[in-house]
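The values are calculated or read from the model by the stated rules, or taken from the named source; none is laboratory data. Being a predicted model, the structure only gives us computed values, none of them experimental. With ideal geometry, Cβ positions are generated from the backbone for all residues, glycine too; neighbour counts draw on all protein chains shown. Accessible surface is based on the protein model in full, side chains and every heavy atom, while ligands, DNA and RNA are left aside. Shrake-Rupley method; radii C 1.70, N 1.55, O 1.52, S 1.80 Å.
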Amino acid sequence: MNLAHWRTYLVTQASLSAGRPTAEIVREAIDGGIDVVQLREKDTDARSRYDLGLELRELTAQADVDLIVNDRIDIARAIDADGVHLGQRDLPVTVARDQLGPDAVIGCSTSMVAEATQAEADGADYLGVGAVYGTSSKDVESDKDGIGLERIAAITDAVSIPIVGIGGITAENAGAVAEAGADGVAVISELTAAEEPAAATERLVDAVVGGDEDGREPASETEDDDTVVIDR
């Protein structure tokens with residue numbers, strides 16, 4: 001697994017999927033070329049998330065797509081996910097590492113440079129940075145909503161692990177986020193609410209990859225294959 005090759009990252013949310021099952025959205029996003037899927041579904045109970053997680057684990061494993069679980073270390077372990085994504089108010093990165101082991105992927109949501117450097121020091125493998133353009137898909141504190149491209153660039157300069165921009169990102173503005181230094185972008189409603197999620201994913205991939213010849217070269221200069229949404 002090379003997290004520096006994560007270009008497009010789908011964060012699931014059934015309530016923003018136009019009445020369609022999350023598994024259907026994920027299947028279409030995989031067809032469109034998504035690199036990683038995060039099981040979010042924060043408004044459902046643990047058992048429902050577990051059952052859905054098993055379904056998504058089967059889909060993503062068959063397609064060689066990485067699966068991350070939002071917040072819940074226990075569910076990530078139970079469904080054999082590739083890792084977990086933690087917000088600033090969740091359990092610490094160090095605790096997740098102790099629970100999931102050295103091979104698990106652990107991401108952390110950050111909006112400030114100080115948060116980013118601390119997460120890296122604690123052992124995070126990648127950062128979800130945002131909300132870049134502002135978002136209505138997640139509960140975000142006002143001072144962390146719409147942080148802009150300059151903050152993406154500042155955090156990129158401050159850490160050596162890959163970052164994924166999130167928050168208000170669309171196929172129209174994703175390229176600018178990558179140009180600012182992000183290795184990839186994470187979206188919720190841009191794909192979940194799309195009439196054709198596969199086609200929407202293809203547009204997002206094209207926007208982020210840009211002129212890369214093979215579409216898979218890292219956007220940032222990182223060579224450590226063991227390190228690299230979104231939710232906070």
Would it be correct to say that Ile68 is surrounded by 16 or more Cβ atoms within 10 Å (Cβ to Cβ) and part of a strand (DSSP E or B)?
yes
Checking the conditions here, which among Arg20, Arg27, Arg40, Arg47 is basic (Lys, Arg) and touching a His at 6+ places or on another chain (Cβ under 9 Å)?
Arg40
Considering only residues that are under 17 Å from Ala194 (Cα atoms) and assigned to a loop (DSSP other than H, G, I, E, B), which ones fall in the range 23-65?
Gly33, Ile34
Would it be correct to say that Leu91 is farther than 26 Å from Ala154 by Cβ and touching a helix residue (DSSP H, G or I) at 6+ places or on another chain (Cβ under 6 Å)?
no
Selection status of Gly53, open to solvent by less than 40 Å² (accessible area, probe 1.4 Å) and over 19 Å from Ser189 (Cβ atoms):
yes
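Yes/no per residue for (1) over 21 Å from Gly107 (Cα atoms); (2) surrounded by fewer than 21 Cβ atoms within 10 Å (Cβ to Cβ):
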| residue | (1), (2) |
| --- | --- |
| Met1 | no, yes |
| Ser17 | yes, yes |
| Pro21 | yes, yes |
| Val37 | no, no |
| Thr44 | yes, yes |
Kindly indicate which of Asp43, Asp31 is at pLDDT below 95 and among the charged types (D, E, K, R).
Asp43
If a residue has to be charged (D, E, K, R) and farther than 22 Å from Leu127 by Cα to count, how many in the range 58-87 make the cut?
1
Restricting attention to the range 71-106, report how many residues are of a type in the set (Gly, Ala, Ser) and open to solvent by less than 10 Å² (accessible area, probe 1.4 Å).
4
From Asp143, Asp157, grab the single residue that is assigned to a helix (DSSP H, G or I), modelled with pLDDT of 95 or more and open to solvent by 40 Å² or more (accessible area, probe 1.4 Å).
Asp157
Return a yes/no flag: does the range 101-117 have any residue that is of a type in the set (Val, Ile, Thr) and modelled with pLDDT under 95.
no
Quick one: how many residues across the range 73-104 are of a type in the set (A, V, I, L, M, F, W, C) and more than 22 Å from Asp51 (Cβ to Cβ)?
5
With β-branched (Val, Ile, Thr) and at pLDDT below 50 as the only criterion, which of Val228, Val209, Val205 stands out?
Val228
Can you find a residue in the range 112-126 that is polar (S, T, N, Q) and within 15 Å of the chain's Cα centre (by Cα)?
no
